[in-house]
1. Being farther than 17 Å from VAL138 by Cβ, among the β-branched types (Val, Ile, Thr) and surrounded by 14 or more Cβ atoms within 10 Å (Cβ to Cβ) is true for just one of ILE8, ILE23. Which residue is that?
2. So, in region 107-154, of the ones that are among the charged types (D, E, K, R) and touching a Lys or Arg at 6+ places or on another chain (Cβ under 6 Å), which residue ends up most open to solvent (accessible area, probe 1.4 Å)?
3. Which residue pairs have Cβ atoms closer than 6 Å, lie 6 or more positions apart in sequence or on different chains, and pair a first residue in region 166-182 that is crowded, with 20+ Cβ neighbours inside 10 Å with a second residue that is of a type in the set (D, E, K, R)?
4. If LEU191 meets every condition in (1) farther than 26 Å from PHE230 by Cα; (2) under 15 Å from the mean Cα position of the chain (by Cα); (3) not aromatic (Phe, Trp, Tyr) apart from one, which number is that one?
5. Are any residues in region 194-212 buried (at least 17 other Cβ atoms within 10 Å of the Cβ), closer than 19 Å to PHE228 by Cα and either of a type in the set (Val, Ile, Thr) or touching a Lys or Arg at 6+ places or on another chain (Cβ under 6 Å) (or both), and if so, which ones?
6. Being within 15 Å of the chain's Cα centre (by Cα), in a helix (DSSP H, G or I) and among the hydroxyl-bearing types (Ser, Thr, Tyr) is the filter; apply it to region 127-173 and report the residue that is farthest from MET75 (Cα to Cα).
7. Please count how many residues of region 29-57 are open to solvent by 10 Å² or more (accessible area, probe 1.4 Å) and either assigned to a loop (DSSP other than H, G, I, E, B) or of a type in the set (A, V, I, L, M, F, W, C) (or both).
8. Being farther than 22 Å from LYS49 by Cα and either out of contact with any Leu (no Cβ under 8 Å at 6 or more places or on another chain) or among the charged types (D, E, K, R) (or both) is the filter here; which residues of region 106-121 pass it?
Amino acid sequence: DPHATISIHEDLWSKNAVRFFKINGKVDGNNQSDLRTTRIVAMLGMLAKPGAEKAVTIGLGIGSTVSETLGFPKMKKAKVIELSSAMIQFSKKYFPEVNSSIWNDPRFSVENRDGREFLRHTREFFDLIISEPSNPWVDGVSSLFTQEYYQLVSNRLSPKGIASLWFHTYGLDCSAVASVLSAASEVFKNLLLFKIQGDLYMLGSKEQELIQLFPIPSEKKSVETDLFRFAGINEYQSREKAYKDFLNNSLLMDRNEILRFTHLFETNRDDNQY
């Protein structure tokens, strides 16, 4: 591929036919354990914006995120921006058990271009923008975790649109994590930070008061059940208790708490990428 070496691997010794892809030799996704992460980033967006009709996801991977997004009850258009042409080909060829439905769905489209460049130049607005690039310490990827990038995301949100932003804690020190959280908090007036295992998920909005979105209408129960299961809540007697447990277990900080946590640290910017 012009931008990277993309390779597909299969663990022939596994009972569950584990198949994964590498970018420049680094594992970046698989059809087993990583599905939890790639689906959660869409599920949180659904819970926060169940009425979303138009969405864009930065990064295709194996296609599991956009597959989840197409399950939104009112979704009319789900676009993906993917830098690697090989990743688009391989996603369709090697991961059909995860994403087979997206390629024949008229609501789905994929553009082979740089995600940040797309956000800078498009005139479209979206109810939901999902960003799940590779790790920020991978060469060339840190620019998708800066204040300027998050501003581009915010600029393309509809008035009550939601941004669902993946991040993580592993392989980073406290100042690096704080620099990314600071970057998001500088842009989004409303921000929630969730932590589920080693992954962080930020929900950001320009106008919508996010905490009021939980709990939401009950017709999303199947999505809730999956999300609660991923968050370690396997059994619950009532939906209200499940939401309370989910928020208690997973909601780490709101914007005010993030600002108190990050005020002593630098902000991740284009000219100062931690």
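1. On the way: ILE23 fails: farther than 17 Å from VAL138 by Cβ.
Sole residue among the options that is farther than 17 Å from VAL138 by Cβ, among the β-branched types (Val, Ile, Thr) and surrounded by 14 or more Cβ atoms within 10 Å (Cβ to Cβ): ILE8.
2. Going residue by residue through region 107-154, those that are among the charged types (D, E, K, R) are 107, 111, 113-114, 116-117, 120, 123-124, 127, 132, 139, 148.
Filter again for touching a Lys or Arg at 6+ places or on another chain (Cβ under 6 Å), leaving 107, 127.
Numbers: ARG107: 68, ASP127: 32 Å².
In this case the residue turns out to be ARG107.
3. TRP166/GLU132; SER179/GLU266
4. Of everything listed in (1) farther than 26 Å from PHE230 by Cα; (2) under 15 Å from the mean Cα position of the chain (by Cα); (3) not aromatic (Phe, Trp, Tyr), LEU191 misses just condition (1).
5. ILE196
6. For region 127-173, the residue satisfying everything is TYR149.
7. Restricting attention to region 29-57, the residues satisfying the condition of being open to solvent by 10 Å² or more (accessible area, probe 1.4 Å) are 30-39, 49-51, 53-54.
Then keep just the ones that are either assigned to a loop (DSSP other than H, G, I, E, B) or of a type in the set (A, V, I, L, M, F, W, C) (or both); that gives 31-33, 35, 49-51, 53.
Matching residues across region 29-57 total 8.
8. GLU111, ARG113, ASP114, ARG116, GLU117, PHE118, ARG120, HIS121
The values are calculated or read from the model by the stated rules, or taken from the named source; none is laboratory data. Computed from a predicted structure; not experimentally measured. Cβ: placed from backbone, ideal geometry, glycine included. Neighbour counts: every protein chain shown. All accessible areas refer to the heavy atoms of the entire protein, side chains included, with ligands and DNA or RNA removed. Shrake-Rupley method; radii C 1.70, N 1.55, O 1.52, S 1.80 Å.
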